[in-house]
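Here, each number is a calculation from the coordinates, and none is a lab measurement. Since the model is a prediction, treat every value here as computed from it, not as a measurement. Don't worry about glycine lacking a Cβ; one is built from the backbone with ideal geometry, like all the others, and counts go over all protein chains shown.
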Amino acid sequence: MADVAIEFKNVTKRFGSVVANDHVSMKVNKGEILSLLGENGSGKTSLMNMLSGIYFPDEGEIFINGTPVTIRDPKDAYALKIGMVHQHFKLVDVFTAAENLIVGIDPGKKLDRKEIADEIKGICDKYGFVIEPGKKVYDMSVSEKQTLEIVKMLYRGADILILDEPTAVLTPQESEHLFSVIKNMKKDGKTVIIITHKLHEVLSVSDRVAILRKGKYIETVKTSEADEEKLTELMVGRHVELNIDRPVIENKELRLSVKNLNCVNSEGQQVLFDINFDLFGGEILGIAGISGNGQKELLESIAGLQKTQTGASVVYYDPDSDKKKKDDAGQADGMEMIGLSPKKIREKGIHLSFVPEDRLGMGLVGSMGMTENMMIRDYSTASKSLLFTDKKKPRELAEEIKESLGVVTPDISTPVSRLSGGNVQKVLVGREIAAAPAVLMTAYAVRGLDINTSYTIYDLLNEQKKKGVAIIFVGEDLDVILALCDRILVLCDGHVNGILNGAEARKEEVGLLMTELKDNRREETAE
C-alpha cells in the first residue's frame, strides 16, 4: 500500500451560508502527481488554500505523513514543507530571481549571492529548470516567472507542491517542458497536486485524479483507467458531450476593418505595431499569443479604451446598412471608431459587446448584484442612481443567466465580488451576449470556468456566429482555438506574426509563431 503524504478527514469550510467544502475526506500518496478536478464552486481551490495556510478549516482534520497538523498560515505550511504556486504570481517585480528566493526567509541573514546562485543551479540541474539568478522579475516572461515560483518553493524545502492552473498562460512547448519537470520532481519523491480544467493535460501528466462536486468529495480514479468523458461525467454528475462545432457560414459580410493600428501604453512603451486585419460577420477570429503580447491593448483599442497613434483606423460596418445601401465597390459605408469613447460608440449605434480580461475592474461592479450589473451597461457611469429605474427586465435577464450558465450565488442580489472568479465570468459573458451585438470581443471568455460551462460558452459563441455576429476570441488554450475558430491571428511581441486557417493550422505551428517573431511579418490571409 502506498505511503500517504496528505489526508483530509471530514474537512469543512464555510463562507457565510455557502459551504465550499462539505466534510471532505481524501488521501494523496507520497511521490504521486494528483490532479484535482471539479466544476466552478466545487471547492478545489478552497481545499488547497487550507492545505497551504490561506484558509483555516471550520471542521475536520488534516494529516501530513500520518500526523495531525494545524496550518494557520503559509509559514506553518512552509514548516511542513508545503508550497503552493498560485495563478497570480507572488513575486516582487523589482527584485532579481535570487532576491525573490530569500525574501521573507531570514531578514537578518546576509545575502550571499554566490551561495544562492549555486543552490539555484543545483535545483535547476536536478529538475530541468532554466533560470538566471540575477535577472529582474519585470524582465521575465510568464514562463520564467512561473519557473521562479516553483524553484522558490523547492528552495524553501517543499516536498508537497500545489500548482493552480499551471499551464493557463503557457505555449504548448512551455507546457510540455513543465510536464517533464513535474515528472522529474515525482522521480525525486515530491508530491505534486495540480488544479486544472484541461482534461487532456490531466490524462497525460497525472497518476490519479480526485473529483470534487458541489463541495463534496466524489472519488479518486487512476488516469490509466479514465478518459475525458468519464472524468467530465464524474465532475458534472451526468453525461456531457465534449464536441466543439465549427459551423461554416456562407456569404459573410465585412463587419470590422483594422488598419495601421499602433498603440503606446501608459508607460510610454509601444505594445502594438501596424496591426492589420478584417473581421467578418459569421466568423470567429481567434487571437493566439503568449500573455502580454498585445492582446489586451488590441481589444481595448477597438473598444475605445486605449489611445492609438496617428494613422490608425478601425472601421465598423453596420449590418443594417448592409441591407439598405451599398457603395460602388459593393460594400456599405463604414463608420470610423478611432477617437470614440465607449459611450460615443454606443450613442452612434455601434453594436459592440466586450468581455474584458479584467472582470471586476472593467467589466462588472463588484459591490452590485447581478440585476444591477445587467443595468449598468446602458449607463455612462456605474454610480448613477438606479433607485427609480424599472428593474423587471434586468432581473429577468439575471435569472435567465443564473439558470442557463449555472451561476453559483445565494441570490441575484448578492454582490458579484463575493462570487468565485468563474461565476463572475459567467455573469459578464452572459450579459454581453444578451446585448445582441454585431461585433463581440471576448478576452479569455472561459478562463477559470469548468469544462461543462466552457462548452456551454463555446455553443453560445457558435449560436452568435450563426446569427451573423463577428466574434474575436482571445484564448489561452490552443486546442480550443484550433477547434473553435475559423481563422487564427497570432500575436508575437505586439506584431501580427501570421493569420492562419483554423481548420488547417497545426498546434506546433501556432506555438512557434507565438514565440518566434518572423523577419517578414506580412499578413498570411487565410481564404
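Please work out how much length the chain gains when fully extended from residue 403 to residue 362, using 0.36 nm per residue of separation minus the C-alpha to C-alpha distance, in nm with one decimal.
Numbers: separation 41, 0.36 × 41 = 14.76 nm, distance 2.41 nm.
That works out to 12.3 nm of additional length.
Under the rule of -39500 (n - 2.57) per DSSP H run of 4 or more residues, summed and divided by the residues of the chain, what mean residue ellipticity at 222 nm is obtained, to the nearest 500 deg cm²/dmol? Before the final figure, lay out the partial values.
Values: 17 runs with 167 residues, N = 527.
Mean residue ellipticity at 222 nm (helix-derived): -9000 deg cm²/dmol.
Quick one: which of 32-45, 352-365, 217-230, 472-485 comes out on top by average Cβ neighbours within 10 Å, and what's the full order, highest first? Don't skip to the end; give the middle numbers.
Values: 32-45: 24.6, 352-365: 18.9, 217-230: 13.9, 472-485: 22.0.
Result, highest mean Cβ count within 10 Å first: 32-45, 472-485, 352-365, 217-230.
Quick one, which of [x] 78, 54, 46; [y] 95, 59, 43; [z] 91, 55, 43 is the actual Cα extents along the principal axes in Å calculated for this model?
So the structure-derived entry is [x].
What's the magnitude of the charge dipole for the chain around its Cα centre, counting Lys and Arg as +1 and Asp and Glu as -1 at the beta-carbon? Answer in Debye, nearest 20.
Values: 68 positive and 81 negative charges, 269 e Å.
The dipole of the chain has a size of about 1300 debye.
Which of 347, 297 comes first, and how do the rest follow, when ranked by fewest Cβ neighbours within 10 Å?
Working: 347 11, 297 23.
Arranged by neighbour count, lowest to highest, 347, 297 become 347, 297.
Using the Cα gyration tensor of segment 226-315, with a ≥ b ≥ c the square roots of its eigenvalues, what is the shape: rounded (a/c below 1.5), prolate (a/b larger than b/c) or oblate (neither)?
Oblate, because a/c is 1.5 or more while a/b does not exceed b/c.
How far apart, in nm, are the 7 Å Cα→Cβ label points at residue 228 and residue 305?
3.0 nm
Among 232, 16, 37, which residue has its Cα positioned farthest towards the positive end of the charge dipole of segment 4-236, with +1 placed on the Cβ of Lys and Arg, -1 on the Cβ of Asp and Glu, and the dipole taken about the Cα centre?
16
If I take every Cα pair under 8 Å that is 6 or more residues apart in the chain, average their sequence separation and divide by the length, what percent do I get for the relative contact order?
Values: 1038 pairs, mean separation 79.3, N = 527.
After rounding, I find 15 percent.
Cβ neighbours within 10 Å, averaged per peptide: list 253-261, 11-19 in order, most packed at the top.
Details: 253-261: 19.6, 11-19: 15.6.
Sorting 253-261, 11-19 by mean packing, highest first, produces 253-261, 11-19.
Give the residue from 100, 308, 468 lying farthest towards the positive end of the charge dipole for the chain; charges sit on Cβ (+1 for Lys and Arg, -1 for Asp and Glu) and the dipole is referred to the Cα centre.
The residue sitting farthest along the positive end of the dipole is 100.
Counting only pairs 8 or more residues apart or on different chains, how many lysine pairs in segment 401-527 have their Cα atoms under 25 Å apart?
Taking the Cα cut-off of 25 Å, the pair count is 9.
What does the extension gain come out to for residue 466 and residue 344, with contour length at 0.36 nm per residue minus their alpha carbon separation? Could the numbers behind the result be given before it?
Working: separation 122, 0.36 × 122 = 43.92 nm, distance 2.80 nm.
Stretched fully, the residue 466-residue 344 segment lengthens by 41.1 nm.
Hey, with R₀ at 25 Å, roughly what FRET efficiency would residue 139 and residue 509 work out to, going by the Cβ-Cβ distance, to 0.05?
On the way: r = 28 Å, r/R0 = 1.12.
Once rounded, the FRET efficiency stands at 0.35.
If I take every Cα pair under 8 Å that is 6 or more residues apart in segment 1-61, average their sequence separation and divide by the length, what percent do I get for the relative contact order? Write out the running numbers ahead of the final one.
Working: 89 pairs, mean separation 24.3, N = 61.
So the answer I get is 40 percent.
Using a/c under 1.5 as the rounded threshold, could you call segment 4-236 rounded, prolate or oblate? The axes a ≥ b ≥ c are square roots of the C-alpha gyration tensor eigenvalues, and prolate needs a/b larger than b/c, oblate otherwise.
Details: a/c = 1.91, a/b = 1.43, b/c = 1.34.
Cα axes put segment 4-236 in the prolate bin.
Once you charge only the Cβ atoms, +1 for Lys and Arg and -1 for Asp and Glu, what is the size of the charge dipole of segment 122-241 about its Cα centre, to the nearest 20 debye? All intermediate terms of the calculation are to be shown ahead of the outcome.
Values: 18 positive and 20 negative charges, 96 e Å.
Roughly 460 debye for segment 122-241.
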